Amino acid sequence: MNIQKSESLYQEALDVIVGGVNSPSRSFRAVGGGAPIFMKKAKGAYFWDEDGNRYIDYLAAFGPIILGHAHPAVHEAIVEASMNGVLYGTPTEKEVRFAQMLREAIPSMEQIRFVNSGTEAVMTTIRLARAYTGRDKILKFAGCYHGHSDLVLVAAGSGPSTLGIPDSAGIPQSIAQEVITIPYNDINALEEALNHWGNQIAAVLVEPLVGNFGIVPPVPGFLEKVNELVHQAGGLVIYDEVITGFRFHYGGIQTIFGVEPDLTALGKIIGGGLPIGAYGGRKEIMDKVAPMGPMYQAGTMAGNPLSISAGMACLQALSKPGLYEELSRKGKRLADAIVKLADEYRLSVTVNQYGGALTVYFTDQPVVDYASAQATDGERFAQFFRLMLEQGIYLAPSKYEAWFITTAHSEQDVDETIRAVDHAFSQMSNK
Ligand code: PMP
């Protein structure tokens with residue numbers, strides 16, 4: 001495959017953009033390095049790169065593009081909104097209508113505030129939980145990603161009840177020590193942490209289904225236990241639904257699981273591909289937010305007409321009956337085919353699939369938490385990633401990411417993908 005233009009653009013990019021990319025997850029470092037592919041245009045389920053190669057896109061821009069690229073309704077909404085001015089700095093009717101749509105779909109979000117990214121949404125829910133409870137500490141789960149604000153870039157210490165260590169340079173130890181990180185799906189570790197720190201914990205931050213060390217569902221009873229124990233200890237439960245919101249049905253995954261948090265953070269899909277975030281929850285808690293209360297949060301671009309219009313158009317399209325069943329069916333067809341092929345080629349592969357999202361791990365073990373995701377074979381993944389890329393299938397360049405099926409992926413696209421997996425596995429197999 002000729003990727004000459006990507007290679008030369010990468011050299012220019014390295015000179016002027018740090019690392020050549022505007023987000024580290026776009027780099028190919030985790031899959032052996034070299035030039036990432038520079039995309040030129042996208043339509044439906046496809047990408048075309050600068051050299052004219054076509055790819056079936058399973059990245060979906062790390063989640064938001066659930067309707068495929070350049071969806072006509074979203075496109076029209078953006079064009080129409082842009083004709084009336086892109087930013088007012090005043091309230092608009094559309095913001096109210098969109099907040100009403102979100103609340104109808106996710107009833108635990110009694111009151112809502114729009115922001116510009118998932119990072120901002122999560123960051124603010126933490127500040128709000130601290131303002132509401134008067135406590136400082138945060139409990140979170142290892143390997144979950146909640147954006148790049150200081151508090152959530154803190155990793156686990158060496159044992160379940162140790163305080164965090166910074167996961168990034170530039171985060172003060174004084175902040176890291178306010179964060180406790182425990183393994184996902186581990187109720188004993190949760191009990192232990194709460195026994196130790198319970199009366200100091202403002203909130204537990206949860207991905208109700210993990211998307212950030214691959215797709216990892218909660219074990220039965222886990223989310224219920226989180227609610228029960230954290231509430232007993234006087235803390236709040238925050239769901240980070242930045243990935244899961246409107247991904248698996250029309251609403252939050254909290255509605256599917258039947259467990260409600262106190263606060264929810266949203267992003268990605270609700271902007272239809274434009275920058276957005278939102279947070280919300282019980283009115284009594286949201287009343288702490290300025291101008292109603294003492295917790296300050298603001299944004300020049302928040303609730304801008306373009307993002308709101310794109311988000312509304314996206315959600316309207318997603319409300320079509322049967323849409324999510326279709327995504328799930330395709331997700332399962334793909335996952336089942338990959339498992340079958342791995343068996344045929346005697347490769348150690350575990351596929352975690354939930355609805356229209358899946359992760360292919362190179363391991364013979366189940367993946368239920370970060371440690372088991374870390375233990376999967378990154379070199380095998382890198383080899384698989386390259387073999388798929390050469391055949392025009394674009395996967396996220398990391399063993400920790402998900403494949404996202406969009407409404408634009410046709411049965412033929414899924415067939416073509418399965419044929420590519422067959423070829424890739426045949427190259428990887430030494431049977
Ligand atoms: N939370 C989760 C669960 C995410 O997956 C992400 C982004 N991948 C974020 C928060 C941060 O969102 P953003 O990149 O829009 O700031």
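The values are calculated or read from the model by the stated rules, or taken from the named source; none is laboratory data. All values reported here derive from a predicted model rather than from experimental measurement. Please note: Cβ atoms are built from the backbone with ideal geometry, for glycine as well, and neighbour counts cover all protein chains shown.
Structure notes:
- Hey, ILE270 surrounded by 19 or more Cβ atoms within 10 Å (Cβ to Cβ), at pLDDT 95 or above and not basic (Lys, Arg) or not: yes
- Within the stretch 180-234, the only residue that satisfies the criterion of being assigned to a loop (DSSP other than H, G, I, E, B) and among the polar types (S, T, N, Q) is ASN185.
- Every residue from the stretch 157-188 that is modelled with pLDDT of 95 or more, touching a strand residue (DSSP E or B) at 6+ places or on another chain (Cβ under 8 Å) and farther than 22 Å from MET123 by Cα: ASN185
- Contacts under 9 angstrom Cβ, first residue in the stretch 74-88 being at negative phi, partner modelled with pLDDT of 95 or more and loosely packed, with under 12 Cβ neighbours inside 10 Å, 6 or more apart: LEU87/THR300
Okay, residues lined up against (1) part of a helix (DSSP H, G or I); (2) of a type outside the set (Phe, Trp, Tyr); (3) at pLDDT below 95; (4) outside the structural domain of MET301 (by TED's automatic domain parsing):
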| position | (1), (2), (3), (4) |
| --- | --- |
| LEU9 | yes, yes, no, yes |
| ASP15 | yes, yes, no, yes |
| ASN22 | no, yes, no, yes |
| LYS40 | no, yes, no, yes |
| ASP51 | no, yes, no, yes |
| TYR55 | no, no, no, yes |
| VAL79 | yes, yes, no, no |
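- Residue satisfying condition, being touching a residue at least 40 places away in the same chain (Cβ under 8 Å), outside any loop (DSSP other than H, G, I, E, B) and either more than 14 Å from the ligand (Cβ to nearest atom) or not assigned by TED's automatic domain parsing to the domain that holds ALA129 (or both), within set GLY280, GLY251: GLY280
- Considering the stretch 143-156, the residues that are more than 8 Å from the ligand (Cβ to nearest atom) and part of a loop (DSSP other than H, G, I, E, B) include one that is modelled with the lowest pLDDT, namely ALA156.
- Considered as a group, the residues in the stretch 254-264 that are under 21 Å from GLU120 (Cβ atoms) and part of a loop (DSSP other than H, G, I, E, B) include one that is nearest to the chain's Cα centre (by Cα), and that residue is PRO261.
- Among the residues of this structure, ALA142 counts as one that is more than 24 Å from ALA310 (Cβ to Cβ) and surrounded by 19 or more Cβ atoms within 10 Å (Cβ to Cβ).
- Residues of the stretch 114-136 classified as assigned to a helix (DSSP H, G or I), surrounded by 21 or more Cβ atoms within 10 Å (Cβ to Cβ) and more than 8 Å from the ligand (Cβ to nearest atom), total: 7
- Of all residues in the stretch 227-248 being within 16 Å of the ligand (Cβ to nearest atom) and among the hydrophobic types (A, V, I, L, M, F, W, C), the one that is farthest from the chain's Cα centre (by Cα): VAL237
- Taken over the stretch 333-386, the criterion of being buried (at least 17 other Cβ atoms within 10 Å of the Cβ), in contact with a strand residue (DSSP E or B) (Cβ under 9 Å, 6 or more places away or on another chain), hydrophobic (A, V, I, L, M, F, W, C) and in a helix (DSSP H, G or I) is satisfied by LEU334, ALA335, ILE338, ALA342, ALA373, PHE381, PHE384.
- For the stretch 176-188, the set of residues classified as without any contact (Cβ under 8 Å) to a residue 60 or more places away in the chain, within 15 Å of PHE141 (Cβ to Cβ) and surrounded by fewer than 22 Cβ atoms within 10 Å (Cβ to Cβ) consists of ILE187, ASN188, listed by residue number.
- Contacts under 9 angstrom Cβ, first residue in the stretch 131-142 being under 13 Å from VAL237 (Cα atoms) and modelled with pLDDT of 95 or more, partner in a helix (DSSP H, G or I) and of a type in the set (Asp, Glu), 6 or more apart: TYR132/GLU284
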